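Okay, so here's the structure we're looking at.
The values are calculated or read from the model by the stated rules, or taken from the named source; none is laboratory data. None of the values given here were measured: they were computed from a predicted structure. Using ideal geometry, Cβ is built from the backbone for each residue, glycine included, and neighbour counts are taken over all protein chains shown.
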Amino acid sequence: MNEQVKNLVEQITRLEEELSVVLKKQEKEIRYRVNGTRIEFEKKLKETHQNLKVGIFRWLGSSKPNNVMSAPFIYAMIVPLLILDGCITLYQSICFQLYHIPKVSRAEYMVFDRHHLGYLNIIEKINCTYCAYAIGLIAYAREITSSTEQYWCPIKHAGNLLHPNQREIYFIPYGESEAFHAKQAQFRRALSKGEVPIINDTDTEDTPDKNGCDFK
């Protein structure tokens, strides 16, 4: 990674940290706190939430027909989502152990906290929980696949991706073939240690086997 790219990555990291601080400040302004697995609001704000809640029958009566018609299709997606969840979890349980790399923590991607909001009725809370599961699952699956990509194919794409995974900025430039398998081994070592894969061109202790491939 050249110095310019490294500096840009560091700037992005600093901006993300600043954004996190600003968001935390906003949370305090909204007057709630996290107590274990519970979200606690100030009494006055909690009462306001309850007053703003729309009852189920009123909510259903005000729903647009196209939203109601789409509901069965939305919730039918729970089947492929559950299949993906089971398959991707089984995959990493087997393969990541064989690769000797840390498994992705599923719990870190599954955040269910919107049901604490008093201004949501039961249907809205179910909808929010479903959305949180789907989004968390996709993020969980993406992290598993991006770890797999780093292990097997840490090469940047020639074209620009709309939303590249965060690992790709460290990958080997497209078409740079020099010492590819030695660099690939460095990416694998970094992955096993949970470190950022900064490639050192002078490190060539891992060399390709007689077929030109490294499967260590």
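Any idea which of (1) out of contact with any Ser or Thr (no Cβ under 8 Å at 6 or more places or on another chain); (2) surrounded by 13 or more Cβ atoms within 10 Å (Cβ to Cβ) is the one residue 104 doesn't satisfy?
All conditions are met except number (1).
Which of the residues that make up region 66-83 are assigned to a helix (DSSP H, G or I) and surrounded by 11 or more Cβ atoms within 10 Å (Cβ to Cβ)?
70, 71, 74, 75, 78, 81, 82 - these are the residues of region 66-83 that are assigned to a helix (DSSP H, G or I) and surrounded by 11 or more Cβ atoms within 10 Å (Cβ to Cβ).
So which residues in region 43-61 are closer than 16 Å to residue 122 by Cβ and either without any contact (Cβ under 8 Å) to a residue 40 or more places away in the chain or exposed (fewer than 12 other Cβ atoms within 10 Å of the Cβ) (or both), if there are any at all?
Result: 50, 52, 55, 57, 58, 61.
Identify all residues within region 111-152 that are in a helix (DSSP H, G or I), in contact (Cβ under 8 Å) with a residue 40 or more places away in the chain and among the charged types (D, E, K, R); write none if there are none.
Selection gives 124 alone.
Residues are listed down the side, and each one gets a yes or a no for (1) modelled with pLDDT under 90; (2) closer than 23 Å to residue 112 by Cα:
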position	(1), (2)
20	yes, yes
23	yes, yes
40	yes, yes
45	yes, yes
74	no, yes
84	no, yes
91	no, no
96	no, no
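Got a number for residues in region 167-216 being modelled with pLDDT of 55 or more and closer than 15 Å to residue 101 by Cβ?
Summing the residues that are modelled with pLDDT of 55 or more and closer than 15 Å to residue 101 by Cβ in region 167-216 gives 15.
Surrounded by 15 or more Cβ atoms within 10 Å (Cβ to Cβ) and outside any helix (DSSP H, G or I): is that true of residue 88 in this structure?
no
List the residue pairs whose Cβ atoms are under 9 Å apart, where the first residue sits in region 7-24 and is free of Cβ contacts under 8 Å to residues at least 24 places away in the same chain, the second is part of a helix (DSSP H, G or I), and the two are 6 or more positions apart or on different chains.
Final answer for the pair search is 8/169; 12/169.
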